[in-house]
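The values are calculated or read from the model by the stated rules, or taken from the named source; none is laboratory data. Computed from a predicted model, the values in this text were never measured in an experiment. Backbone-built Cβ (ideal geometry, glycine too); neighbour counts: all protein chains shown. Accessible surface is based on the protein model in full, side chains and every heavy atom, while ligands, DNA and RNA are left aside. Shrake-Rupley method; radii C 1.70, N 1.55, O 1.52, S 1.80 Å.
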Amino acid sequence: MNRAVRHRSDSYQPALDGVRAISVALVLLFHAGFTWMPAGYLGVSVFFTLSGFLITRLLITEHAATSRIRLSTFYVRRGKRLLPASLLCVVVIVIARAVGQFTAVEGLHRDAFGAVSQVFNWVRLDGTTSYADVFLHGSAATVSPFEHYWSLAIEEQFYLLWPIVLVGLLALCARRRSRSLVAFVGGITIVFAAAAPVIAAVFGADAAYWATPARLAEILIGATLAAWMSAGHRIPAWVRHLTLPLVGAIVVCACLFPTRGGPAYSGLLPAFALLSAGLIATIQVPGRAAAIVGAAPLAAIGRVSYGLYLFHWPVFVVLRDHGWDLTRPAGFVLAIGVTAAITIGSYFLVEQPIRRASWQPRRTAMFGVGAVGVVFAVVTLSPGTVPFFQADQAVLDAAAIDPASSLASLVAAPTSPPTTTATSPSSSPPSSPPTSAGSTTTGIEEATTTTMPFATSVAVTTKPTRPVRILVVGDSTAVRMAVGLSAWSAAHPDLAKVTTIWSEGVGFLMDGTITSFDNTEFAKAPQLIMTKKVPQAIRNLKPDVVVLMTTLADVANRQWSTAEGPLAPTDPRFAQRLTDAYRQTTTTLLAEGAPRVVWIVPPRPDVPWPYPEMNEPTRWLQQENTIRDVATTSGPQVTDVDLLRWADVTGAAQDKSWRLDGVHLSESGSGSLANGYLGPLLVNTALH
């Protein structure tokens, strides 16, 4: 039987709430960090399409009933529906900041203003972090609790503009006395669908994901479906058999699409939105499948899905920051439980009372504007944040070395041995050998463990006749280490002065091209620093010790020629070039007049990189062994400081507060390292 079903636009459909529930479930699983759900962000795309369908259906139904669309009434309804929970979430985050959360988040005030102003997607697009990086790199301590407001901003921007556009289209259709609304809406949808991949190609992957024009097609596909159905077209009854297969297809896409790259970052999500629109169309047909999607538990979740989406992200961030693994049953249950409790409280105590209030539109608008103003004021008066990975330039400047044409000699090495505190032989075995001649491990074999005592704290044995001049050179991890050194030297101006030359992404392997990630922005920095800035600093500042440290750049895959292709650090050709580069760097510094060169063996990053190969331990081990080998075979003027082993033996490697993002030292971590170990050690090194 070839039955067809006419859509009733004024009837409540539990299945639509069921779709909301499925969508928010995808997002929650993705944000919890389950690796089998790498593209749960597709739930947002489903939300987009459903929103376009519902809003357009609502507006067309109103026009059909009254021959007009009251824009003021529409905006008031949207405000009463969306603003209370949104502003409440902002206030909750601000309160959390006041009691000590989110202190290391860069630009928290900026993000809060963007969230309240409904332009967070543009705020984020103006930044330097991609959406994928939020989930593939960094710790919760550095992630903005407003990160999820980008999608709400896009929807709000659509709600602001689309009713005005639709009023114009309906007026145009009325003058032509034709039923061409579907053609107009469909034409606009096609334009934006075609624009999405163009935006991706011209402005990049982040624009494809965050820019409103690149995402409008997903919303407009739902709007086109609403216009088509409102024009009197019937949905064949047989499509009800596609409901569950389409749900399955959406879930499969969420499990198969990548977190980084893929359709979401190339402007192809409008194609995925066709699945969402198909699902919405099928549940317009009564049947068992629609009843399953609209089952009471799913419909109940769908009704509070807006609050679940709003509150889950800051809850997830806070729990992760306190050490909870949300991919474990206990962590996930706790995260969902806390989110659900806040959501239900918000829904019944704030959202529903305001939504049901019978205020006049003008009064409602006044309250809405006032509420937004109050939240703006609260955000303005709330404590700001200082991102932990941002170098404190004032500290660096206070400790900087003064240029000198000549310097008095440092005191001779003392006869008494340095005062140290060593770990006992029963301590946990370190991950790398002690820093001493003959202990270097070459190749990529894991270094053998040893029970030799290792100095975990060092004291200055003899006061120098003048401050030791320390020049730190390296990448962002080096400057974070140098901030602690600088603060220590400022507190001990008679012991040391510190100057830092650094740039993001700087390594000491200066040829070849990094292929693991885009390093174009920093590609010229190593040559500039090592061939110009450092030699000039050695001549002008006359440092007693030059300290070298890098982390990421020299363990990434590189390509020297198309014939070879990309090489990993574990490849013998790469390993030899890395060794040669480190030896050449050492030789150059000594030839320029550096009395001492200290290579830092960096602690390994404890973070999942967004570039899969960067998570291979062997590439980090290759760099570590190269540093040890170069340091122990380059003569008495060269040594290494094994921070990898120090962090392991002292337990700092397991202390989340030591490196908030798993890569860069925090202020407290850098300070403790400098105060009890690195600062005195470098002074002693210069004096010996």
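Name every residue in the stretch 24-54 that is open to solvent by 10 Å² or more (accessible area, probe 1.4 Å) and under 18 Å from THR189 (Cβ atoms), in order of residue number.
Those that are open to solvent by 10 Å² or more (accessible area, probe 1.4 Å) and under 18 Å from THR189 (Cβ atoms): PHE47, SER51, LEU54.
Going through the stretch 352-364 one residue at a time, which ones are farther than 15 Å from LEU87 by Cβ and either of a type in the set (Lys, Arg) or open to solvent by 40 Å² or more (accessible area, probe 1.4 Å) (or both)?
ARG356, SER358, TRP359, GLN360, PRO361, ARG362, ARG363
Applying the selection to the stretch 540-576, what residues are within 30 Å of PRO464 (Cβ to Cβ), of a type in the set (D, E, K, R) and touching a helix residue (DSSP H, G or I) at 6+ places or on another chain (Cβ under 7 Å)?
ASP544
Of the numbered conditions (1) at pLDDT below 85; (2) open to solvent by 30 Å² or more (accessible area, probe 1.4 Å); (3) touching a Leu at 6+ places or on another chain (Cβ under 9 Å), ALA404 satisfies every one except a single condition; which is it?
(2)
Output the residue which, of all residues in the stretch 254-270 that are in contact with a helix residue (DSSP H, G or I) (Cβ under 7 Å, 6 or more places away or on another chain), among the hydrophobic types (A, V, I, L, M, F, W, C) and closer than 19 Å to LEU29 by Cα, is most open to solvent (accessible area, probe 1.4 Å).
Going through the qualifying residues, I end up with PHE257.
Taking only the stretch 3-56 into account, find how many residues are out of contact with any Lys or Arg (no Cβ under 7 Å at 6 or more places or on another chain), among the charged types (D, E, K, R) and modelled with pLDDT under 95.
3
Under 8 Å between Cβ atoms, at least 6 apart or on separate chains: pull out the pairs that start in the stretch 345-360 with a residue that is in contact (Cβ under 8 Å) with a residue 12 or more places away in the chain and over 16 Å from PHE311 (Cβ atoms) and end on any residue that is assigned to a helix (DSSP H, G or I) and of a type in the set (Val, Ile, Thr).
Hits for this filter: ALA357/THR364.
Scan the stretch 503-535 for residues that are assigned to a loop (DSSP other than H, G, I, E, B), open to solvent by 20 Å² or more (accessible area, probe 1.4 Å) and either in contact with a Leu (Cβ under 6 Å, 6 or more places away or on another chain) or under 18 Å from PRO566 (Cβ atoms) (or both) and jot them down.
Listed by number, the residues that qualify are GLY505, MET510, ASP511, GLY512, THR515, PHE517, ASP518, ASN519, ALA523.
Quick check on my filter: what residues within the stretch 326-344 are surrounded by 13 or more Cβ atoms within 10 Å (Cβ to Cβ) and either free of Cβ contacts under 8 Å to residues at least 40 places away in the same chain or assigned to a helix (DSSP H, G or I) (or both)?
Answer for the stretch 326-344, where residues must be surrounded by 13 or more Cβ atoms within 10 Å (Cβ to Cβ) and either free of Cβ contacts under 8 Å to residues at least 40 places away in the same chain or assigned to a helix (DSSP H, G or I) (or both): GLY331, PHE332, LEU334, ALA335, ILE336, VAL338, THR339, ALA340, ILE342, THR343, ILE344.
Can you find a residue in the stretch 221-234 that is at pLDDT 95 or above, touching a Pro at 6+ places or on another chain (Cβ under 8 Å) and assigned to a helix (DSSP H, G or I)?
The answer is yes, given that some residue of the stretch 221-234 is at pLDDT 95 or above, touching a Pro at 6+ places or on another chain (Cβ under 8 Å) and assigned to a helix (DSSP H, G or I).
Can you work out which of the residues in the stretch 92-118 that are surrounded by fewer than 19 Cβ atoms within 10 Å (Cβ to Cβ) and β-branched (Val, Ile, Thr) is modelled with the lowest pLDDT?
Ranking the qualifying residues of the stretch 92-118, first place goes to THR103.
Among the residues of the stretch 241-253, write down those that are of a type outside the set (A, V, I, L, M), touching a residue at least 12 places away in the same chain (Cβ under 8 Å) and surrounded by fewer than 21 Cβ atoms within 10 Å (Cβ to Cβ).
HIS241, CYS253
Take THR500 and tell me if it is open to solvent by less than 60 Å² (accessible area, probe 1.4 Å), in a strand (DSSP E or B) and either within 20 Å of ASP392 (Cβ to Cβ) or hydroxyl-bearing (Ser, Thr, Tyr) (or both).
Spelling it out, THR500 is indeed open to solvent by less than 60 Å² (accessible area, probe 1.4 Å), in a strand (DSSP E or B) and either within 20 Å of ASP392 (Cβ to Cβ) or hydroxyl-bearing (Ser, Thr, Tyr) (or both).
Can you name every residue in the stretch 618-664 that is in a loop (DSSP other than H, G, I, E, B), open to solvent by less than 40 Å² (accessible area, probe 1.4 Å) and acidic (Asp, Glu)?
ASP661
Looking at the stretch 586-602 only, could you name the residues that are in contact (Cβ under 8 Å) with a residue 60 or more places away in the chain and among the β-branched types (Val, Ile, Thr)?
Once the filter is applied, which keeps residues that are in contact (Cβ under 8 Å) with a residue 60 or more places away in the chain and among the β-branched types (Val, Ile, Thr), the stretch 586-602 yields VAL598, ILE600, VAL601.
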